[in-house]
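Note sheet for the following structure.
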């Protein structure tokens with residue numbers, strides 16, 4: 001089972017090995033629920049976690065000083081899906097959406113979802129032939145998301161009105 005990418009290490013924080021991460025979760029406080037994280041393929045026990053308005057700060061077993069923390073800069077922070085909080089109806093993990101087929105309500109395949117940019121409204125990037133097309137994943141454009149069958153259905157008219165071709 002694939003791990004979830006929950007953030008990326010921005011930089012060391014202080015001299016005792018604490019790291020500052022940018023959270024990719026909808027609610028940064030959710031990072032507190034993870035007892036273990038994986039960075040660069042190595043599993044670390046979370047010793048402490050604090051959240052402020054701009055980032056999440058982690059102290060990890062085995063990262064005792066600023067130099068050790070510096071070695072993690074720029075790396076993704078992953079966590080086991082089993083440790084993840086339950087999701088609300090209609091909310092999905094990015095890792096589950098990447099690779100889904102984008103189809104119209106009529107069943108016409110438009111492309112494959114290759115990336116999601118988290119913003120006030122998530123921006124989906126779809127590979128359509130040789131082109132990367134971006135569009136906001138808003139109600140009215142995205143009609144249905146079927147994770148089990150890896151299909152995201154869009155309203156064709158609304159899609160072409162908002163897509164950046």
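I want to make sure I understand the PRE zone here: with the label point 7 angstrom from the Cα of residue 81 toward its beta carbon, which residues in the range 1-35 have backbone N atoms less than 15 Å away?
Of the residues in the range 1-35, 1-6 have backbone N under 15 Å from the label point off residue 81.
Once R0 is set to 30 Å, what does the formula 1/(1 + (r/R0)^6) return for the Cβ-Cβ distance between residue 112 and residue 88, expressed as a FRET efficiency to the nearest 0.05?
Numbers: r = 26 Å, r/R0 = 0.86.
With R0 = 30 Å, the Cβ-Cβ based efficiency is 0.70.
Would you look at the GNM of the chain, springs on alpha carbons closer than 10 Å, and say which of 88, 29, 18 moves the most?
Of the options given, 88 has the highest mean-square fluctuation.
Suppose the Debye formula is applied to equal point scatterers at every Cα of the range 58-165; what is log10 I(q)/I(0) at q = 0.14, 0.16 Å⁻¹?
Those come out to -0.65, -0.77, one per q.
Which residues among the range 19-46 fall inside the zone where the amide N is under 19 Å from a point 7 Å beyond the Cα of residue 67, along Cα→Cβ?
19
What residue among 22, 32, 131 shows peak mean-square fluctuation when the chain is described by a Gaussian network model with Cα springs under 10 Å?
Checking each option, the largest mean-square fluctuation is seen for 131.
Could you list the residues of the range 79-120 with an amide nitrogen less than 12 Å from a label point located 7 Å from the Cα of residue 155 in the Cα-to-C-beta direction?
105
From the convex hull of the Cα coordinates of the range 4-82, what is the mean projected area in square nanometres?
Seen from a random direction, the Cα hull of the range 4-82 projects 4.4 nm² on average.
A short reminder: the numbers here are calculations on the coordinates, not readings from a lab. Computed from a predicted model, the values in this text were never measured in an experiment. Every residue, glycine among them, receives a Cβ derived from its backbone with ideal geometry; neighbour counts consider all protein chains shown.
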